[in-house]
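The values are calculated or read from the model by the stated rules, or taken from the named source; none is laboratory data. Source: prediction; values computed, not measured. Heads up, the Cβs are rebuilt from the backbone with ideal geometry, glycines too, and the neighbour counts pull from every protein chain shown. These accessible areas exclude ligands, DNA and RNA; they are computed on the full protein's heavy atoms, side chains included. Shrake-Rupley method; radii C 1.70, N 1.55, O 1.52, S 1.80 Å.
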Amino acid sequence: MLSRIGGAAAAARALVPGWMRTAVRMAATAGGDGPREIILHCGEHKTGTTSIQALILRERKDLARQGVHVLCVGQGSNGAHHRLIQAFDRRPFGAVTAKLLAIEIRRAPGRTILVSSELAKTAIVHGRGQQVIDAFRAAGADRVRLLFYLRSPFALANAAYAERTGSLDLGGAPFVDFLRVHDAGPAYAYEGFLDLAARDDVDLEVRPYSALVRRSIAEDFGDAIGITWRRCDGPRRNRSLGPIGLEAMRRIAAEGGLPDGARRVRLYMRLRAIGLALGEAPFWQMDAAHQALLTTADHRTDAFARAVWGHGWRETIGEEERPLNVFDPADPRQQDMLERTLAQMRRARADLLGAG
């Protein structure tokens, strides 16, 4: 009987997210004195955010010793606070999260509280930034500092295409078609950041994702939040596919018939593993012809850079000069490798879908 009760209790605990259990435990701890500042690291997408989030999760105790508390509420097992940002739009789960957020902010041992999620950038460019800030303020934060890394629009579009195609997310759309849609999309609607920065309770810090910063993003992030890492080494996150692997993923997506939900995730992870095993250099397909398709993105990024830095993005970020790395269908070697890769991927897809 006791073992049955214990097993049921353990099962019930397993249903409660780890961040929620931690936040509840914090209610019994004493908080620090003084005003509370939220540092909201809100991207940009594809600027080393996944690596940073893994790092702040691993080095939580060391950050706390330096006066920076990494928020527990809404933090996933990868270190990102995506659940927290999503919860601001939900009811009744949003109300539960808001209550736990207020407890943790009040009880946090330091005055600086760190939150990291690219979804905050998504919320801002879609016009929901005010409610994110208001949610933090209602929970007891005195100020919110938005920390944002600005990247070249061409490099950002290239990385976004590689990631979304590698996740079977674009239905097999060619790169040129993606650029045309991306150029007019909300990714570069940085005006929302400027609107938030006009508030008396918000500070905006925009840092350049330059070639130098790209090589040492963890160190730059540490400087931005005022800490020194005990160690900031770790495995590379979100490896990019090369041109043959990416073209194979695009064609698999174009064939259709893909599963949904967890089976879809398992499928693209299997296919990615096949593509990464090719050992290619990461996809890079930016030249003057492709860049000419991003005139709107270039203009909006330049206007944002001038508003926050006083000069255009090229003067600080510079062009990302990397070798052109493109799948060439006229190259017999590349075409042969593509066909063999596609055959492997189709077998993997058949095995997964055949397993039910």
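Some values worked out for this structure:
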read-out	value
Estimated vicinal HN-Hα couplings, Hz - the stretch 252-258 in sequence order (Karplus 6.51, -1.76, 1.60; Gly, Pro = x)	4, 5, 5, 6, x, x, 7
Derived scalar couplings ³J(HN,Hα) [the stretch 55-66; Karplus, 6.51 cos²θ - 1.76 cosθ + 1.60; whole Hz; x for Gly, Pro]	5, 5, 5, 5, 9, 3, 5, 5, 5, 4, 5, 9
Check: the chain dipole with +1 on Lys, Arg Cβ and -1 on Asp, Glu Cβ, in debye	1900
The chain: C-alpha gyration tensor shape, a/c 1.5 cut-off, then a/b vs b/c	oblate
Relative contact order of the chain, pairs being alpha-carbon contacts under 8 Å that are 6 or more residues apart, as %	19
Asn325 long-range amide H proximity, modeled H, under 5 Å	Trp284, Gln285, Met286
Residues whose placed amide H lies under 5 Å from that of Arg145, excluding near-sequence neighbours	Ile38, Ile39, Leu40, Asp203
Of all accessible heavy-atom area on the chain, the percent that carbon and sulfur account for (1.4 Å)	53
The chain - share of DSSP beta bridges that are antiparallel (%, nearest 5)	5
With all protein chains modelled, accessible area of Lys99 [1.4 Å, Å²]	140
Separation of alpha-carbon centers, the stretch 116-183 and the stretch 273-287, rounded to whole Å	23
Solvent-accessible surface (1.4 angstrom probe) belonging to Met337, in square angstrom, nearest 10	40
Helical mean residue ellipticity (222 nm; -39500 (n - 2.57) per DSSP H run of 4+; nearest 500) of the chain	-16500 deg cm²/dmol
Accessible area per residue, Å², the chain with all protein chains present, probe 1.4 Å	47
Stokes-Einstein D (µm²/s) once Rh is taken as the Kirkwood radius of the stretch 179-223 over alpha-carbon pairs, at 37 °C in 0.692 mPa s	251
Amide proton proximity set for Glu280, modelled H, under 5 Å, gap of 5+	Gly242
Leading residue at positive end of dipole, the stretch 215-323 (Cβ point charges), from Ile225, Ile244, Pro259	Pro259
Gyration tensor verdict on the stretch 51-116 (Cα atoms; rounded if a/c is under 1.5, prolate if a/b is larger than b/c, oblate otherwise)	oblate
Shape call, the stretch 75-215: gyration tensor on alpha carbons, a/c limit 1.5	prolate
Isotropically averaged projected area of the stretch 185-260, using the convex hull of Cα atoms (one quarter of hull area), nm²	9.5
Rounded to whole Hz, the Karplus (6.51, -1.76, 1.60) HN-Hα couplings of the stretch 40-48, x for glycine and proline	9, 7, 10, x, 5, 3, 6, 10, x
Kirkwood-Stokes translational diffusion coefficient of the stretch 203-356, alpha-carbon pairs, 37 °C, 0.692 mPa s, µm²/s	173
Separation between Cα centres of the stretch 41-106 and the stretch 306-356, rounded to whole Å	31
Computed log₁₀ I(q)/I(0) - Debye formula, equal Cα scatterers, no solvent, the stretch 136-271, q 0.17, 0.20 Å⁻¹	-1.10, -1.18
In Å², nearest 10: area of Ser240 left accessible to a 1.4 Å probe	40
Candidates Thr295, Thr165, Thr112, ranked by Gaussian network fluctuation over the chain, Cα under 10 Å, top entry	Thr295
